[in-house]
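In what follows, a structure is listed as structure tokens, so that the remarks can point back to it.
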Amino acid sequence: MIAIVQVFDDMYDVYATLEEQVVFTKAIERWDVDAKDGLPEYMQVCYQILLDLYDEFGYELTRKGQSYHLFYAKELMKNHLRTYFAEAKWFHQNHIPTMEQYMPVASTSIGCELLLGTSLLGMGDVVTKNDFDWLLFSDPKMVKASKVVARLLDDIAGHKNSFTDGAKERTFGIFGGVFHETIRSYRGRG
């Protein structure tokens, strides 16, 4: 799972044109094998691998009587890839997002929710529909805080290592000085 997410991250950040990203993101939203027909060949391969992976998840979950878990797994992946697309649009449009625009998108693109939700898939009967609903629809403070901390640490490390994502680089250049202020505001002190 982590490998395919990294491929998608690189595809959105480096390889795909904005036009290709629009078509790919629409295909992800449809989540249908027929949607790959309009994709460039390299994207067709990535898309098919994703569908096949989730078909395997679906087979195992159905066999265990937990087929409803698959809906949540797909929604988590869709949410994740939407954030890659939002960041890519910023880059291609040379848009520097405000901190208010940046953090909800970037804190999701870091992958905490996707990782947590995917982890729930393998926990069997212990996990219920309510657990997935809590993760996906209630914006729990614990998850939100994890996402923010992970994103800020990743941006700091990336800034120190001179990364290539223009939107993040420009954003961090502008907002890097407000790191402590952001942490205080998320703690409820600001």
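Sorted by average packing, counted as other Cβ atoms within 10 angstrom per residue and highest first, what order do 66-79, 102-115, 37-50 take?
Output ranking for 66-79, 102-115, 37-50: 102-115, 66-79, 37-50.
Quick one: dipole size for the stretch 80-143, taken about the Cα centre, charges +1 on Lys/Arg Cβ and -1 on Asp/Glu Cβ, in debye to the nearest 20.
With only Lys, Arg, Asp and Glu charged at Cβ, the dipole is about 180 debye.
Given 20 °C and 1.002 mPa s, how large is the Stokes-Einstein diffusion coefficient of the stretch 1-158 in µm²/s, with Rh as the Kirkwood radius over Cα pairs?
130
With respect to the cross-link table entries 64/141; 74/144; 26/74; 36/147; 26/78; 26/64, which display a Cα-Cα separation exceeding 22 Å?
64/141; 36/147; 26/64
Could you order the peptides 51-57, 82-88, 150-156, 136-142 from most to least packed, using the average number of other C-beta atoms within 10 Å per residue?
82-88, 150-156, 51-57, 136-142
Throughout, read-outs are computed from the coordinates displayed, never taken from laboratory work. Everything quoted here is computed from the prediction, not taken from an experiment. Counting neighbours? That spans all protein chains shown, and the Cβs are built from the backbone with ideal geometry, glycine included.
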